[in-house]
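To start, the structure under review is shown below, and the notes come after it.
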Amino acid sequence: MDMFSNIVVAELVGTIFYTFVGAGLMWVVWKVVDWMTPFPIIKEIEDDQNIALAVLMGFLFLSVAIIIAAVILS
């Protein structure tokens, strides 16, 4: 039980809160990028096997995640 006694409730609540904030921001970024593109991204990646677009979207989400983590840690 020593492992669980060191957890502060405020840290746990903060972690859960920032998890939902980060996921919400990632969803907003997805919707904005999907709205800005003249073609459906999901269809392009899944049906047409556009690997370059898949890699680009992966890097976009990775960069947004790094930015969100940097803001949370500062």
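The values are calculated or read from the model by the stated rules, or taken from the named source; none is laboratory data. These numbers come from a predicted model, not from an experiment. Heads up, the Cβs are rebuilt from the backbone with ideal geometry, glycines too, and the neighbour counts pull from every protein chain shown.
Let's see how each residue does on (1) exposed (fewer than 11 other Cβ atoms within 10 Å of the Cβ); (2) touching a Phe, Trp or Tyr at 6+ places or on another chain (Cβ under 8 Å); (3) among the β-branched types (V, I, T); (4) part of a helix (DSSP H, G or I):
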position	(1), (2), (3), (4)
L12	yes, no, no, yes
W27	yes, no, no, yes
W35	yes, no, no, yes
I42	yes, no, yes, yes
A54	no, no, no, yes
V71	no, no, yes, yes
Every pair of residues 6+ apart whose Cβ atoms lie under 8 Å, when the first sits in the stretch 11-24 and is within 11 Å of A69 (Cα to Cα) while the second is modelled with pLDDT of 85 or more: G22/A65
Residues that are touching a residue at least 12 places away in the same chain (Cβ under 8 Å), within 22 Å of Y18 (Cβ to Cβ) and β-branched (V, I, T), drawn from the stretch 34-74: V64, I68, I72
